[in-house]
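Peer 1: First, the structure itself, so that you have it in front of you.
The values are calculated or read from the model by the stated rules, or taken from the named source; none is laboratory data. Note that the structure is a prediction, hence the values are computed from the model and not measured. Don't worry about glycine lacking a Cβ; one is built from the backbone with ideal geometry, like all the others, and counts go over all protein chains shown.
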Amino acid sequence: MKDSHHNSHKPVSDELINAFIDHQLTNEDRLDLLSHIKQDDTLAGRICEMKQLKELTQHAFADIPSPHHIDEKTRSVFPRLAAAIAIFSLGLLLGIAGIYSNQQNTTGLPASASEQAQTRVLVHLTSADPESALNTLQNLQQLLEQYSHNQQQVMVEVVANGDAVQLLSRTSPAIADRIAELSGQYDNLSFAACKNTIDQMKITRGLKIDLLPQVKLIDSGVVQVIQRQRDGWTYIRG
Amino acid sequence: MSFMFKNRARHKKLSRQLCENRNRFYKLAYSWSGDSMLADDLVQDATQKALASFDSLKDDSKLQAWTCQIMLNCYRDWLRRRKETLDIDELSLIGNSNPQRELSSADTTQFVRNCIRQLSENHRNVITLVDLMEFSYEEVSLSLDIPVGTVMSRLCRGRAQLKLLLADRPPSQTSAANPGLRRVK
């Protein structure tokens, strides 16, 4: 970037300092600016301060939370499961049995241990993209198969709100078939749709959502999601 | 036939470049939105749109700037949709108070991120493209569809604003990591 506006009689602009620290100056301008530093005591400080600002910005985003793909989340369930199974096995060794998440904890184990004995997964659908939904169902099937194969307990609930409730209706035969197939195969898999969304769609868009028979109606999808998370369910965004 | 083969090879090459730079796009989207899931969605949307419209990319060397432009449009669409629908459910999800987030906001990194998100969209876009994507001013100009001169002036004003915001950090949050950024009157 060519800049010929600065000279020994004119203070160096912030634009020029920015261009300098961003490596946007030509070699000639860069050398010219460097020669100014010798004549201007404050210039080095201004450059330093601007560079520090840039580095601070870069540093702030150097380590950010990873995106949570369903595959990664699904994988992340397995270490939890391993821990849960280990705790459960320990319980058995100690002569403690009959631990189920919906039963009162009479085992003597801390509540957290009994809760971890059964993995509970909530899959949250918010988008009406059928391709993405089919992909999610495919991942779910793999998850359920894996748990079943390992004789491990898992409970999966798919909650849809927003546009995603349409996926649980009869509008998409491909998805309806998959849901019927999976529901028939796994009794530890359930589907729920948000009534608030359905009512809202009826009022605002005139849409009548005809839910699949495997889908239960819940008052609020979001409340369900929050409640499940509070109860220790693993959250996966579908 | 030869054209089709070349075109397929070009698409493959561009797709690979997009995949290789996914983390950088994600970082940029995160700096705009401050939400890992939304950032991931934005990258996903932008990537899908880019993959579907490689034919409209005239200069392959501008792939990243072009994709950032698409992602920015995705983000603006999202912001507009959010305003239009004002879905209480969504608001409660996004705006929920998270103790973990509140705790982490006390550290320098979170403070700087918050300051960047407080900037106006124009200033934030330029700063994040230059500092996080390490774009040249020309690439920023292409991404945002503004002249290079405007890039420079927005960058200048944006950084000045950021400096002021950082200088307003409460004393309890001041750390050794940021000894030089103080307001000088």
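Peer 1: Within the stretch B:46-111, which helices (runs of 4 or more DSSP H) (wholly inside it) include 1 or more residues that are within 14 Å of chain A (Cβ to nearest Cβ) and at pLDDT 90 or above?
Peer 2: B:63-85
Peer 1: Right, here's the next one. Consider only pairs whose beta carbons are under 7 Å apart and that are at least six residues apart or on different chains; among these, list those whose first residue lies in the stretch A:11-27 and is at negative phi and within 12 Å of chain B (Cβ to nearest Cβ) and whose second residue is of a type in the set (D, E, K, R) and part of a loop (DSSP other than H, G, I, E, B).
Peer 2: Cβ pairs passing all conditions: A:LEU16/A:ASP3; A:ALA19/A:ASP3; A:LEU25/A:ASP3.
Peer 1: Going by the structure shown, is B:LYS13 surrounded by fewer than 17 Cβ atoms within 10 Å (Cβ to Cβ), in contact with a Leu (Cβ under 9 Å, 6 or more places away or on another chain) and in a helix (DSSP H, G or I)?
Peer 2: Numbers: surrounded by fewer than 17 Cβ atoms within 10 Å (Cβ to Cβ): yes; in contact with a Leu (Cβ under 9 Å, 6 or more places away or on another chain): no; in a helix (DSSP H, G or I): yes.
When the stated conditions are applied, B:LYS13 does not pass them.
Peer 1: Identify all residues within the stretch A:182-200 that are within 17 Å of A:VAL121 (Cβ to Cβ) and outside any helix (DSSP H, G or I); write none if there are none.
Peer 2: Residues satisfying the conditions are A:TYR186, A:ASP187, A:ASN188, A:LEU189, A:SER190, A:PHE191, A:ALA192.
Peer 1: Criterion first (facing chain A (nearest Cβ under 9 Å), at pLDDT 55 or above, surrounded by 20 or more Cβ atoms within 10 Å (Cβ to Cβ) and in a helix (DSSP H, G or I)) does B:LEU129 satisfy it? If you could, list the steps in order and put the result at the bottom.
Peer 2: Details: facing chain A (nearest Cβ under 9 Å): no; at pLDDT 55 or above: yes; surrounded by 20 or more Cβ atoms within 10 Å (Cβ to Cβ): yes; in a helix (DSSP H, G or I): yes.
Here the answer is no, as B:LEU129 does not meet what is asked.
Peer 1: So, one more: Go through the stretch A:144-167 and count every residue that is closer than 19 Å to A:TYR235 by Cα and crowded, with 20+ Cβ neighbours inside 10 Å.
Peer 2: 11
Peer 1: Now a separate question. Can you tell me which of A:ALA174, A:ALA160 is under 15 Å from A:LEU134 (Cβ atoms) and either touching a Gly at 6+ places or on another chain (Cβ under 9 Å) or hydroxyl-bearing (Ser, Thr, Tyr) (or both)? If you could, list the steps in order and put the result at the bottom.
Peer 2: Numbers: A:ALA174 fails: either touching a Gly at 6+ places or on another chain (Cβ under 9 Å) or hydroxyl-bearing (Ser, Thr, Tyr) (or both).
Result of the check over A:ALA174, A:ALA160: A:ALA160.
Peer 1: Give just the number: which of (1) under 21 Å from A:THR126 (Cβ atoms); (2) touching a Ser or Thr at 6+ places or on another chain (Cβ under 7 Å) does A:VAL154 not satisfy?
Peer 2: Unmet condition: (1).
Peer 1: From the list A:ILE203, A:ILE179, pick out the single residue that is modelled with pLDDT of 90 or more, part of a helix (DSSP H, G or I) and among the aliphatic types (A, V, I, L, M). Explain how you work it out, then say what you get.
Peer 2: Working: A:ILE203 fails: modelled with pLDDT of 90 or more.
Being modelled with pLDDT of 90 or more, part of a helix (DSSP H, G or I) and among the aliphatic types (A, V, I, L, M) holds for just one of A:ILE203, A:ILE179, which is A:ILE179.
Peer 1: Report, by residue number, each residue of the stretch A:171-216 that is in contact with a helix residue (DSSP H, G or I) (Cβ under 9 Å, 6 or more places away or on another chain), aliphatic (A, V, I, L, M) and loosely packed, with under 13 Cβ neighbours inside 10 Å.
Peer 2: A:ALA174
Peer 1: In the stretch B:16-44, which residues are more than 13 Å from every other protein chain (Cβ to nearest Cβ), closer than 16 Å to B:MET133 by Cα and not in a loop (DSSP other than H, G, I, E, B)? Please lay out each step first, then the result.
Peer 2: The first filter runs over the stretch B:16-44 and keeps only residues more than 13 Å from every other protein chain (Cβ to nearest Cβ), leaving B:16-21.
With the extra rule that they be closer than 16 Å to B:MET133 by Cα, the set shrinks to B:17-21.
Those that are more than 13 Å from every other protein chain (Cβ to nearest Cβ), closer than 16 Å to B:MET133 by Cα and not in a loop (DSSP other than H, G, I, E, B): B:GLN17, B:LEU18, B:CYS19, B:GLU20.
Peer 1: Which residue, of A:VAL165, A:VAL215, A:VAL223, A:VAL158, is within 21 Å of B:GLN44 (Cβ to Cβ) and not aromatic (Phe, Trp, Tyr)? Spell out the reasoning first.
Peer 2: Numbers: A:VAL165 fails: within 21 Å of B:GLN44 (Cβ to Cβ); A:VAL215 fails: within 21 Å of B:GLN44 (Cβ to Cβ); A:VAL223 fails: within 21 Å of B:GLN44 (Cβ to Cβ).
Only one candidate qualifies: A:VAL158.
Peer 1: Here is a further query. How many of the residues in the stretch A:145-166 are over 20 Å from the mean Cα position of the chain (by Cα) and part of a helix (DSSP H, G or I)?
Peer 2: 6
Peer 1: Name the one entry in A:ARG205, A:ARG237 that is within 13 Å of chain B (Cβ to nearest Cβ), of a type outside the set (S, T, N, Q) and over 13 Å from A:VAL158 (Cα atoms). Full working, then the answer.
Peer 2: Numbers: A:ARG237 fails: over 13 Å from A:VAL158 (Cα atoms).
Criteria check complete, one pass: A:ARG205.
Peer 1: For the stretch B:132-151, name all the residues that are within 13 Å of chain A (Cβ to nearest Cβ) and not in a loop (DSSP other than H, G, I, E, B).
Peer 2: Selection gives B:TYR137, B:GLU138, B:GLU139, B:VAL140, B:SER141, B:VAL148, B:GLY149, B:THR150, B:VAL151.
Peer 1: Same structure, new question: Which residues, taken from the stretch A:34-49, are away from chain B (no Cβ under 14 Å) and either in contact (Cβ under 8 Å) with a residue 60 or more places away in the chain or charged (D, E, K, R) (or both)? Spell out the reasoning first.
Peer 2: To start, the set of residues in the stretch A:34-49 that are away from chain B (no Cβ under 14 Å) comprises A:34-41, A:43.
If the condition is that a residue be away from chain B (no Cβ under 14 Å) and either in contact (Cβ under 8 Å) with a residue 60 or more places away in the chain or charged (D, E, K, R) (or both), then A:LYS38, A:ASP40, A:ASP41 are the ones that fit.
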